[in-house]
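Structure first, commentary second.
The values are calculated or read from the model by the stated rules, or taken from the named source; none is laboratory data. None of these values were measured; they are calculated from a predicted model. Cβ atoms come from the backbone with ideal geometry, glycine included; neighbour counts cover every protein chain shown.
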Amino acid sequence: MEPEEPAEQREYTRTGEFEADVTAPRTELMERSLFRGGVLSAFGYRDFRLLWSGAFISNVGTLIHNTVLLWYVKELTGSNAWVGAVNLANFLPILVFVLYAGSLADRLDRRKLIIWTQAVMMAAALFLGIATSLGWNTMPVIMIDTVVIGIAFVFTFPAWRALVPDLVPPGEILNAVALDAAGYNMARFIGPALGALVLNLWNAAGAFYINAISFMTVIAALLFIRFRPEKAARAPKNDWLRTKEGISYVRRNRWAANLLTVLGIASFFGLSFVVLLPGIARDVLHKGSWAFGLLLGGIGLGAVIGAPLVTLLNRRMEESRIIRYAMLGTSLMIILLAVSETYWLSILAAVGVGITFLMVAASINTVLQSRVERDMRGRIMSFYILLFQGTAPVGGLLMGYLSDITSTSTALLIGGCVCLALAVAIITFPSILRDAVSPGWKPAVPGP
């Protein structure tokens, strides 16, 4: 006679999906009752809390690393184009490997895949810290190490995005996606400020060591997650054929292609403005590393505000409307940042970009994940990452080049105007995003 399955594992069906009627331990059911219906409802699920907590600490370490690295390169070379090149080196592997990584995320154990890739990033961050301490900090060393981190990241991200919906029931996917994004962006608020502090009190090498240590928290969280979906039978296809299957899916479904196109344009001309922030801080506002850290942190703070806001809005407004008007807000905030020469007004504009762009990205992510089957989720997320994270660094390289031949403000203004044109297009022609709505979405009914 086989032993009874632990209660916490009976929360999932044979395919790994959540069941509505769970038999979780009493304490966990009480926690769910505490969070149910609120803007933090996904925190009622233990596995999601573990993943979120470990990821938050790790992301703080990553943002300390990235903030210090971009400023360090700016100081080392004096060029915005080099800053854009290093940023591109971190994300260029997305353009090369992300579709294959999405196929792996649908075939392998996502949890184990994330653990191994996190370990590689930890080793690379440690090496960069040692290299900096020993004076090996040449641009080739920085670029190669950054590419290694980028390759590991690209195999983490589709699996990570596809794992999050497994940890909550279908009705909590938007909240889980928004909170996951909020955790990252809260790290973007805290990490840059801590990065500036580390840079002023210690040195660049110290930031890289902190990042290496921080990876241990997310690895520990993944090891303690109880979720163990039953292994699916391996499909009689190689990964390239599975990737082609994902491409065919996007081509057949116009709603998915339209969403990804909007995301790609917004990321290329909008999200790419991050590489201009060192130039805004130093050349436009005439401030130092603290100003850069607060500008970058302002984007993160805005996203933290945007996460509960998008959950509340989605109870009365479908995702397609949120995307349209949040995109308009993003473009206006970027234009405001481009024309501002006042420090605190620039901070407010950065916060505004964080709020509105989080709402765009989280809504697109939710629609994509909720409308596809679980065994296609990794591949659809690979397209999301390709257009979200893959195009932004390429756009950043262009923005950096334009800022070097014109000015930082001019390059930023060009990006904001393109985003404004995109927003006007999807508002004027609502049919573009007509089907960008989660299945079964209904507006919340006001209580008595």
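Values computed for the structure shown
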item: Any chance Thr132 is within 17 Å of the chain's Cα centre (by Cα) and at pLDDT 80 or above; result: no
item: Number of the exception - Phe56 against (1) of a type in the set (A, V, I, L, M, F, W, C); (2) under 24 Å from Arg111 (Cβ atoms); (3) over 20 Å from the mean Cα position of the chain (by Cα); (4) modelled with pLDDT of 60 or more; result: (3)
item: Top-ranked residue in region 276-293 [being part of a loop (DSSP other than H, G, I, E, B) and modelled with pLDDT of 80 or more; ranked as surrounded by the fewest Cβ atoms within 10 Å (Cβ to Cβ)]; result: His286
item: Search result, residues across region 419-448 that are surrounded by 16 or more Cβ atoms within 10 Å (Cβ to Cβ), modelled with pLDDT of 70 or more and farther than 25 Å from Leu337 by Cβ; result: Ile432, Leu433, Ala436, Val437, Ser438
item: Residue count, region 306-332 (criterion: farther than 20 Å from Thr428 by Cα and touching a residue at least 60 places away in the same chain (Cβ under 8 Å)); result: 9
item: Whichever residue in region 158-216 is over 30 Å from Val73 (Cβ atoms) and not in a helix (DSSP H, G or I) and, among such residues, is nearest to the chain's Cα centre (by Cα); result: Val168
item: Test: residue in region 111-125 that is under 21 Å from Ala193 (Cα atoms), surrounded by 18 or more Cβ atoms within 10 Å (Cβ to Cβ), touching a residue at least 60 places away in the same chain (Cβ under 8 Å) and in contact with an Asp or Glu (Cβ under 9 Å, 6 or more places away or on another chain); result: yes
item: Matching entry among Thr23, Thr67 (being within 19 Å of the chain's Cα centre (by Cα) and either at pLDDT below 80 or buried (at least 17 other Cβ atoms within 10 Å of the Cβ) (or both)); result: Thr67
item: Residue that is nearest to Met333 (Cα to Cα), among those in region 366-406 that are in contact (Cβ under 8 Å) with a residue 60 or more places away in the chain and among the polar types (S, T, N, Q); result: Ser403
item: Set Gly352, Gly297: member being free of Cβ contacts under 8 Å to residues at least 60 places away in the same chain, in contact with a helix residue (DSSP H, G or I) (Cβ under 7 Å, 6 or more places away or on another chain) and closer than 29 Å to His65 by Cβ; result: Gly352
item: Ile130 assigned to a helix (DSSP H, G or I) and either of a type in the set (S, T, N, Q) or buried (at least 20 other Cβ atoms within 10 Å of the Cβ) (or both); result: no
item: Hits in region 294-345 - residues which are surrounded by fewer than 20 Cβ atoms within 10 Å (Cβ to Cβ) and touching a Gly at 6+ places or on another chain (Cβ under 6 Å); result: Ile335
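For every residue, the table says whether it meets (1) surrounded by 24 or more Cβ atoms within 10 Å (Cβ to Cβ); (2) at pLDDT below 75; (3) over 24 Å from Ala207 (Cβ atoms).
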| position | (1), (2), (3) |
| --- | --- |
| Val148 | no, no, no |
| Ala159 | yes, no, yes |
| Ala162 | yes, no, yes |
| Gly171 | no, yes, yes |
| Ala176 | yes, no, yes |
| Ala181 | no, no, no |
| Ala187 | yes, no, no |
| Ile190 | no, no, no |
